[in-house]
Amino acid sequence: MALSAVWLVLAGLLLQPLQAETLPETVERVEGSVLGIATFQPTRSPRIEYLATGFVVDDGRLVVTNRHAVPESLNDDQRERLVVVSGQGRDTVIRNARVVAQSREHDLALLHIASPSLPALELGSSDSVRVGEEVAFTGYPIGMILGLYPATHRATIAAWTPMVIPARSSGELDARRIRALRDDPPMVFQLDGTAYPGNSGSPLYRKHDGKVIGVINQTFVQGGREAAVERPSGITYAIPAEQIRPLIREYHSSGQ
């Protein structure tokens, strides 16, 4: 009888679901994969100009960010280069980066960084995300002012909605693209959560396991850039993580 009772207890333990991580535990793990996207120019002051946030995926040497945050060209004469910055505060490491795949339609860019590999985040399924679900995102808001200190914000999935992706220049808004955005706009997550300049490219993830379900893309602003800081709307948009996978496949198939 005693032996049967022991087996019943063990069976009960095996049937219990694995305990989910708390948000602080998830954030601690995610932060090591979140990077600053910047340009570095040795003759400039400051030498580093922060552009956005990015995060590590795949083999630890690929970084996802927003395409609109990556400069179209660099000043080769002044030895300007695209870099990612890891670490916090003054304890940072700069690595060279290059764009290896991008999607104008979904405002995503995939960067390849120098060795060694960094901890990568796992991509989750955007299709299983439900309206009303609580999520989180981690990034570097207002990076040039606050410095490289990752900040985490909670958010709620408010809607699944069509969204116009920002163009880097008016030249990108040709007739074909305008027609595509009007007739078949990409679908994105609308969040009830506040993002700031610098949060572009931040990973949007589930609080209990840290799996990435989206990429912070933009925030609704009434007014100029200053209004995004002084009078944030609390309406933020994120590109579904499903759109990252084609870029990773494109990179691996290209043999770069």
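Values in this text are rule-based calculations from the coordinates and carry no lab data. Remember, predicted model here, so these are calculated numbers, not experimental data.
Please report, in whole Å, how far the alpha carbons of segment 23-120 spread along each principal axis, starting with the longest.
Per principal axis, max minus min of the Cα coordinates gives 44, 36, 22 Å.
Expressed as a whole number of Å, what is the distance separating the alpha-carbon centroids of segment 21-40 and segment 72-86?
Cα centroid of segment 72-86 versus Cα centroid of segment 21-40: 23 Å apart.
Return the sequence-ordered ³J(HN,Hα) values of segment 89-105 in whole Hz as given by the Karplus equation 6.51 cos²θ - 1.76 cosθ + 1.60 applied to θ = phi - 60°, using x for Gly and Pro.
Using θ = phi - 60°, the values come out as x, 8, 8, 10, 10, 9, 10, 5, 9, 9, 6, 10, 6, 7, 10, 5, 4 Hz.
With an 8 Å cut-off on Cα pairs and a minimum separation of 6 or more residues, tell me the relative contact order of segment 23-120 in percent. The partial results should precede the final answer.
Values: 191 pairs, mean separation 29.4, N = 98.
The normalised contact order for segment 23-120 reaches 30 percent.
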